[in-house]
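Bear in mind these aren't lab numbers, they're just calculated from the coordinates by the rules spelled out. Given the structure is predicted, the values throughout are model-derived calculations rather than measurements. Every residue, glycine among them, receives a Cβ derived from its backbone with ideal geometry; neighbour counts consider all protein chains shown.
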Amino acid sequence: MVYISREEHFNAAHKLYNPKWSREQNEEVFGPCANENWHGHNFVLITTVKGTPDPETGFVVDLKQLSNTVKKEVINKVDHKNLNMDVPFMVGKMASCEVLVMEFWKILEPAVAKITDRGKLHSLKLYETPRNFVEYFGEEA
């Protein structure tokens with residue numbers, strides 16, 4: 001089994017805020033991430049596909065096709081957007097990295113299947129900062 005990854009970048013704003021809670025409780029739980037005027041990040045998304053290389057090309061997936069797919073299906077929809085307000089698949093959801101990466105998976109798993117018959121989506125790693133990131137393998141709790 002070979003694991004091949006592609007890194008993409010996007011910039012986006014969001015706010016972590018539970019409307020069922022008081023402002024004080026939101027600030028206590030989410031700290032500065034509950035800022036009523038939003039805050040932003042330079043996100044990094046790493047998409048990993050696993051599979052066996054094609055004997056004729058040596059590829060599990062063509063990285064150019066993977067890059068184009070990730071950009072078209074995800075990056076172009078979130079880059080320079082407010083994740084809470086401008087991204088249809090995030091409306092009504094908490095804009096945490098955990099929720100965001102799970103929504104990305106729902107979009108990318110079938111999209112990756114369309115560009116390779118040698119592999120499948122293995123994981124998504126989403127960096128919010130260089131020290132804070134989430135990794136998702138498609139399993140539900």
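Working note: Cα atoms of the chain, range along each principal axis, descending, whole Å: 60, 29, 26. By the count of neighbouring beta-carbon atoms within 10 Å, fewest first, Arg6, Arg131 end up ordered Arg131, Arg6. Rounded to the nearest Å, what's the spacing between the alpha carbon centres of segment 85-141 and segment 1-41? Just the number, please. What the calculation gives is 15 Å, centre to centre. Altogether, the Stokes-Einstein calculation at 10 °C and 1.306 mPa s, with the Kirkwood radius of segment 75-141 over Cα pairs as Rh, returns a diffusion coefficient of 122 µm²/s.
Coupling constants for segment 80-95 follow from the phi torsions by the Karplus curve (6.51 cos²θ - 1.76 cosθ + 1.60, θ = phi - 60°), and in residue order they are 6, 10, 8, 4, 6, 10, 9, 10, x, 6, 10, 4, x, 10, 5, 8 Hz; glycine and proline get x. Counting only residues at least eight positions apart within a chain, or on another chain, the lysines with an alpha carbon under 27 Å from that of Lys125 are Lys15, Lys50, Lys64, Lys71, Lys72, Lys77, Lys81, Lys93, Lys106, Lys114.
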